[in-house]
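Let me begin by presenting the structure, written as structure tokens, before commenting on it.
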Amino acid sequence: MKIKTQRPRGMRDVFGDESDFYLKIRDLITNFSVLNGFRYVETPLVENIKTFTSSLGESSDVVSKEMFVIKGKEKGDVLVLRPEGTAGVIRAYFENGWQNFTQPVSVFYLGKMFRRERPQYGRLREHTQWGIEIINSEDPFADFFTIFVFFRFLNQIKIRNFKVKINSLGCQRCRRKYRTQLINFYKKYKNKICVDCQRRLTLNPLRLLDCKNPQDQEYKKKAPNILNYLCKFCELHFQKVIEFLDYFKIPYELDSTLVRGFDYYSRTVFEIFVENEEIALGGGGRYDLGEIMSNIPLPSCGGAMGIERLKIILDKIDFKIKKSSSKIFVAFAGEETKAKAFEIFLDLQGNNFFPVANFFKSSLSGQLDYANKLGIKHALILGFHELGQGTIILKDMEYGSQEILKLSNLTKELKKIVG
Ligand code: HAM
């Protein structure tokens, strides 16, 4: 069929089985986050461009070429679709006076992010992130706990073949010293490194370590190691994070070339990789956006995981999302029983049975087919005969056996049978 419009490139519609997945994973993540002490937070999908230029860095890929810009009517009013969640959350912290809450403030979000990247495997222009932020804590336990939360969640959903890559970028002072050494080192190979790296050398030298170009790998290997430039405080901080990871047996690998794509990070940075996958499933680290946004120090730590990438991994390990958590279906045989069946359905709802029905299908076999597709174990069937008798049929959808229950004590009887 020819239609006159199309969805934007690199964006998706979610429906059918996939929508079951997204609903379920949202549930799992929400419950898991709350259980681990994070409060849900929502910030706008659209933010003032300054929220990101000042924090992620003008030269970061996201700011320099990947933002969806919306020009406003008022002068100087430039809004963008948010490319990530952290900067908006810290803006919200200051704007809403979260300083008055008990510190640190631990929040989570689950929402869409937008980056105008070249669409490819695992890389979309609109993606969904589960993010957590522990705001206003310098404690290395916060760095550990951020990683631990993702580790624990992945284990819970049976993803075990992953590794955490971790590094420390030190504080501003350590980085200044390191940057000079890195520039001196790369200057010697200025004419040999790739064009992108030549640009990085002047714009953002740390990103030289992020180069994936095969011809540059030998320089990267020989480049000075940032871990040798950490000051006493940063070294001790990182050591503590590592000790916690060791204690809780989290599989990690030190990677001194891990620098992440945004400028706001300091000290710990990490990325989560699943075996045989080149793209990261999650990433994050320690940052201080307080200094940038409000001239007030606000040491924080956080991370985010891409839900679409998580789905790619889960599909590979054949993770099954249960179609329906409902155990009871309400069916009616004939139009004259429909209203009463609906009344029974509402009564069950009121008694926390979470029943399912399809009152738009008039044929009984059509309704039972629907129940089967949802994998529901028991169906209540109200026929004309039963209506007259004040009873209802309970059918076991797996074995086909049936029994008659009295409507007068239906909920009591059902509790005994379906729990
Ligand atoms: P990020 O590494 O840019 O970090 O994104 C986090 C995760 O979002 C990635 O690991 C990936 O799973 C997913 N993701 C990113 N871009 C795309 C894309 N184009 N298509 C599909 N999935 C994608 C951040 O955004 C930081 N705000 C994380 C953080 C929170 N750091 C501290 N707190």
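Using only side-chain charges placed at the Cβ, +1 for Lys and Arg and -1 for Asp and Glu, the dipole size of the chain relative to its Cα centre rounds to 1500 debye. Over all pairs of different C-alpha atoms, region 74-127 has a mean inverse distance whose reciprocal, the Kirkwood radius, equals 13.7 Å. The heavy atoms of R179 offer some 90 square angstrom of accessible surface to a 1.4 angstrom probe. Pairs spanning more than 25 Å between alpha-carbon atoms, out of K373/K415; K50/K222; K50/K232; K50/K163; K165/K190: K50/K222; K50/K232; K50/K163; K165/K190.
Tell me the chymotrypsin sites (Phe, Trp or Tyr not before Pro) within region 357-419 that lie in a loop according to DSSP and have at most 13 other beta-carbon atoms within 10 Å. Don't skip to the end; give the middle numbers.
On the way: sites: F359, F360, Y370, F384, Y399; in loops: F359, F360, Y399.
Qualifying residues, ordered by number: F360, Y399.
For region 1-152, what log10 I(q)/I(0) values come out of the Debye formula at q = 0.08, 0.16, 0.20 1/Å, with one point per alpha carbon and no solvent? Results for region 1-152 at q = 0.08, 0.16, 0.20 Å⁻¹ read -0.28, -1.07, -1.40. Bridgeable lysines around K340 (alpha carbons under 19 Å apart, same-chain partners fewer than 8 residues away excluded): K361, K395, K406, K412. Accessible surface of region 270-318, 1.4 Å probe: 46 percent of it comes from carbon and sulfur atoms.
Shown for the chain are the DSSP H helices of 15 Å or more along their axis, judged by Cα atoms, with a mean Kyte-Doolittle hydropathy of at least 0.5: 140-156. Normalised size of region 326-418, defined as Cα radius of gyration per 2.2 N^0.38 Å with N residues, equals 0.95.
Mean-square fluctuations from a GNM of the chain, with a 10 angstrom spring cutoff on Cα atoms, peak among I296, I90, I132 at I296.
Just the protein heavy atoms count here, and of the accessible area of region 76-174 at 1.4 Å, carbon and sulfur take up 47 percent.
Of N191, F273, I381, which is farthest towards the positive pole of the chain's charge dipole, taken about the Cα centre with +1 and -1 on the beta-carbons of Lys, Arg and Asp, Glu respectively? Positive-end residue among those listed: N191. Shape of region 187-294 from the C-alpha gyration tensor: prolate (a/c of 1.5 or more and a/b above b/c, with a ≥ b ≥ c the square roots of its eigenvalues).
Computed over region 266-349, the P(r) curve from all C-alpha pair distances, binned at 5 Å from the origin, holds 3, 10, 12, 10, 8, 8, 8, 8, 8, 7, 7, 6, 3, 2, 0 percent per bin.
A cut-off under 13 angstrom between Cβ atoms defines the neighbours of R115, and their net charge, with Lys, Arg +1 and Asp, Glu -1, is +2. Extent of region 173-226 along its three principal axes (Cα atoms, max minus min coordinate, largest first): 30, 20, 18 Å. Only aspartates and glutamates eight or more places from K338 in sequence, or on another chain, were considered; those with a Cα closer than 17 Å are D347, E386. The mean accessible area for residues of the chain, using a 1.4 Å probe and ignoring ligands and nucleic acids, is 54 Å² per residue. Normalised by residue count, the chain yields a Cα convex hull volume of 216 Å³ per residue.
The values are calculated or read from the model by the stated rules, or taken from the named source; none is laboratory data. If you're wondering where the values come from, they're calculated on a predicted model, not measured in any experiment. Note that each Cβ is placed from the backbone with ideal geometry, even for glycine, and that neighbours are counted across all protein chains shown. These area figures cover heavy atoms from the full protein model, side chains too; ligands, DNA and RNA do not enter into them. Shrake-Rupley method; radii C 1.70, N 1.55, O 1.52, S 1.80 Å.
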